[in-house]
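None of the figures in this text is laboratory data; all of them are computed from the coordinates on show. Treat the numbers as computed from the prediction; the structure is a model and nothing was measured. Using ideal geometry, Cβ is built from the backbone for each residue, glycine included, and neighbour counts are taken over all protein chains shown.
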Amino acid sequence: MERPELAGGMLILDESADKKSGSKTVAASRQYNGRQGKVDQCQVGTFLTYAHNGIWTWINGEIFVPERWFSPEYAALLDVCSRLPVNIWYESNPQAHDQSFYPHIQSVLERGMLLIMDLGYLNFAVFNQLTQQGVTFLTRTKINLSYTVVKVLHRSAAVHDRLVWIGKEDTRQQIRLIEVLYKGTWYRYLTNELDPLVLPTAYAGALYWQRWRIEDAFNIVKRLLGLAYFCSGSQNAVELQLWSTWLLYGALVDLTDQVADVLVKPFAALSLEMVYRSLYFFTQAYHRGQTDDLVSYLAQNTQLLGIVKRKPTPSKFSELLGLTSASDP
């Protein structure tokens with residue numbers, strides 16, 4: 001409805017900050033507080049308002065969430081084959097770090113599982129506990145790792161595979177250290193699977209490369225599905241947005257998998273982003289009465305919609321692991 005009396009006003013975009021004494025409020029951290037003119041513990045938001053002749057109204061606004069506040073307190077356990085999250089944990093404490101989630105992670109692990117972790121989860125005491133749980137782990141290690149060689153399993157110019165002792169006293173344990181030279185850089189991996197027949201050297205490196213799938217998942221939910229920005233400042237609202245976004249991600253993965261089945265292509269050959277962006281074109285075709293089958297529409301228009309990725313340059317490990325299903329790695 002048109003309001004002639006409001007014509008001729010202006011839009012005002014500005015930030016506003018509220019001082020906070022603690023760290024429980026969503027996005028609260030040490031940042032610039034414009035009201036106080038200094039850096040302090042506060043929550044900052046950007047707001048759009050409309051003003052005209054003494055009348056003003058709030059139109060939209062978003063809370064600024066510093067990357068350092070969000071990233072370390074958000075952890076997910078991803079199934080490397082299905083690409084779906086098994087569990088998601090959120091911690092509002094900005095002082096939390098990757099290893100704060102270990103109790104949650106260990107509580108859902110089952111004997112016989114393979115856990116692939118990045119360098120931030122390096123913890124010898126937990127490694128011992130995982131071995132006792134019957135969980136196999138694979139992770140990267142620091143360059144300055146202190147160890148004692150027990151046995152050399154394989155040694156060449158580009159690959160070293162050895163059994164070593166690491167840790168001290170209660171954390172002392174025998175583990176497998178695998179080093180791979182790739183494009184001039186040595187990559188070092190640790191695993192408690194000591195038998196190279198069960199976990200071949202080349203497969204250890206190829207498996208760890210699959211850890212990047214969780215980074216791809218985070219990229220999709222944050223950049224494409226909007227989880228980089230929160231719609232509200234309350235923790236309950238943040239958690240609702242968190243879970244609903246990951247549910248949407250799961251539905252997107254399932255849809256992409258169905259399209260891949262119809263095309264008889266591996267899941268990795270399709271772009272999750274382009275499947276998501278193609279939903280707009282499906283809705284237009286649906287309202288025109290041209291189709292009512294989403295999967296068929298996407299499969300029939302893959303070239304037009306750019307759903308199938310361009311063929312990538314093959315990597316050293318590309319032919320080792322397709323990892324499209326748990327039963328057929």
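Residues that are outside any loop (DSSP other than H, G, I, E, B) and of a type in the set (Lys, Arg) were ranked within region 18-36; the one that is nearest to ASN236 (Cα to Cα) is LYS19.
Does LEU207 count as crowded, with 19+ Cβ neighbours inside 10 Å and closer than 30 Å to THR245 by Cβ? Yes: the conditions hold for LEU207. Just one of the numbered conditions (1) under 29 Å from the mean Cα position of the chain (by Cα); (2) surrounded by fewer than 16 Cβ atoms within 10 Å (Cβ to Cβ); (3) closer than 20 Å to ASN128 by Cβ is not true of LYS183; which one? Failing condition for LYS183: (3). Selection of region 113-142 for residues being without any contact (Cβ under 8 Å) to a residue 24 or more places away in the chain and among the aromatic types (Phe, Trp, Tyr) yields only TYR121. Only strands (runs of 3 or more DSSP E) whose full extent lies in region 98-170 are considered here, and the ones with at least 1 residues that are surrounded by 15 or more Cβ atoms within 10 Å (Cβ to Cβ) and under 25 Å from the mean Cα position of the chain (by Cα) are 114-117, 136-140.
On the basis of being surrounded by fewer than 17 Cβ atoms within 10 Å (Cβ to Cβ) and in contact (Cβ under 8 Å) with a residue 60 or more places away in the chain, does LEU78 make the cut? Against the criterion (surrounded by fewer than 17 Cβ atoms within 10 Å (Cβ to Cβ) and in contact (Cβ under 8 Å) with a residue 60 or more places away in the chain), LEU78 does not qualify. Residue check: GLN241 meets all listed conditions (1) over 16 Å from ILE88 (Cα atoms); (2) polar (S, T, N, Q); (3) surrounded by 16 or more Cβ atoms within 10 Å (Cβ to Cβ) but one, namely (1).
Scanning region 194-220 for residues that are in a loop (DSSP other than H, G, I, E, B), without any contact (Cβ under 8 Å) to a residue 60 or more places away in the chain and touching a strand residue (DSSP E or B) at 6+ places or on another chain (Cβ under 7 Å), which turns out farthest from VAL164 (Cα to Cα)? Result: PRO196.
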